[in-house]
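Shown next, in structure tokens, is the structure this report addresses.
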Amino acid sequence: MKDELEGIIIRYQEYREHDAILHVLCRKRGIVHVNARGIQKVKSKNAPACQLFTHVRMQLPLQETRSIYTLRSAEIIEGYRHIREDLLKQSIAAYVCECIDASKFEEDVFEVVQTVLDILQETTHPIRILCLFQAIMNRMHGIEPYVDGCVRCGNQKAIYAISIRDGGFICHSCYRMEQDAMRSKEDLKVFRLLCKAHMEHYDILKSYQAFTYQNFEDLYAFFYEYAGISLKSVKFLKTIIAM
Ligand SMILES: [Zn+2]
């Protein structure tokens, strides 16, 4: 067995005076915990490779039958410089990492995170990939809003609003002002599209109008209500988007 591990750092937790505990998302292996000793010292050689959302190759003694490995050295495979230079992209990447770390999926989600970061790095419209990521997270958590008609009466026409409580679209006749969120036709269309989309449909989504913060909020509202996970980074993300 090689003493080498490749993955994306999805959590960086300061530990003791100079150390940090890293959560490294690996292909097939899932999340591996690594103790990076001395990483917070000014002279640490490994520090640049151990930042959040870095794709990294690590040397560490993997044979140890431990739940946490001790890092020997780390080198950057992809540092995602363009994400770090942009506050919005950076806050989306931090949100993606926290969401994946907290979700503890049994499925291999390395590809999902890598693809999101690759797109985020290149795109001029980061909200689009954020929306697609949220739609995928909702689906993986089993939270799929009903978007093929009105969730109360089945009517496929005159769709008018979204109900978080009832879990999907609401038509004009069933609309209740106090509990349903009225949306424009365009927002409802985009919401439906996102609820159906998978990662491979990203290029198709590119041909649609600009995705908005509202589209993300609508998807996140379901996650907030039903996923049972509280994410700190979403607050910062919302502040940045609102700026
Ligand atoms: Zn209805």
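The values are calculated or read from the model by the stated rules, or taken from the named source; none is laboratory data. Keep in mind it's a predicted model, so treat the numbers as computed, not measured. Quick reminder, even Gly has a Cβ in these numbers, built from the backbone with ideal geometry, and neighbours come from all protein chains shown. Heavy atoms of the whole protein, side chains included, go into the accessibility calculation; ligands, DNA and RNA do not. Shrake-Rupley method; radii C 1.70, N 1.55, O 1.52, S 1.80 Å.
Tabulated results
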quantity	calculated
Phi to ³J(HN,Hα) by Karplus 6.51 cos²θ - 1.76 cosθ + 1.60 over the stretch 88-102, Hz, x for Gly, Pro	5, 4, 4, 6, 5, 4, 5, 5, 4, 4, 5, 4, 5, 4, 6
Per-pair calculated FRET efficiency, R0 = 22 Å: D108 and I21 via Cβ, rounded to 0.05	0.50
Two-site label geometry, Q13 and K41: point separation in nm, points 7 Å out along Cα→Cβ	2.4 nm
³J(HN,Hα), Karplus 6.51/-1.76/1.60, whole Hz, each residue of the stretch 30-44, x for Gly, Pro	x, 8, 10, 9, 10, 8, 9, 6, x, 5, 8, 6, 4, 8, 4
Placed amide H near V151: partners under 5 Å, 5+ positions off or other chain	F169, I170, C171
Simple Cβ-charge dipole of the stretch 135-201, Lys/Arg +1 and Asp/Glu -1, about Cα centre, in debye nearest 20	140 debye
Using alpha-carbon coordinates, inclination of helix 126-140 to the longest axis of the chain, degrees	90 degrees
Relative contact order (%) - criterion: Cα under 8 Å, at least six apart; region: the stretch 27-154	23 percent
Percentage relative contact order, the chain, counting C-alpha pairs under 8 Å, at least six apart	16 percent
Whole-Å distance, taken between Cα centres, linking the stretch 8-33 and the stretch 51-99	7 Å
Cα gyration tensor shape of the stretch 53-149, rounded if a/c is under 1.5, else prolate or oblate by comparing a/b with b/c	oblate
Assigned charges on the beta-carbon of Lys, Arg, Asp, Glu; the chain dipole about Cα centre (debye)	300 debye
Net charge dipole size for the stretch 4-79 [Lys, Arg +1 and Asp, Glu -1 on Cβ; Debye, nearest 20]	80 debye
HN-Hα J in Hz across the stretch 208-224 - Karplus 6.51, -1.76, 1.60, θ = phi - 60°, x for Gly and Pro	8, 3, 4, 7, 10, 4, 4, 4, 5, 4, 5, 5, 5, 4, 5, 4, 4
Cross-link pairs K189/K235; K2/K232; K89/K206; K104/K206; K189/K232; K41/K104 - those with Cα-Cα distance over 24 Å	K189/K235; K2/K232; K104/K206; K189/K232; K41/K104
Long-range amide H partners of I39 with built H, under 5 Å	A20
Cut-off under 5 Å, modelled amide H: who pairs with L60 long-range	E4, L5, R72
Loop-resident sites, the stretch 1-69, for GluC sites (Glu not before Pro), counting at most 14 other Cβ within 10 Å (DSSP)	E17, E64
Gain upon complete extension [A242, H172; 0.36 nm per residue less C-alpha separation]	22.2 nm
Å² per residue, accessible surface of the chain at 1.4 Å	52 Å²
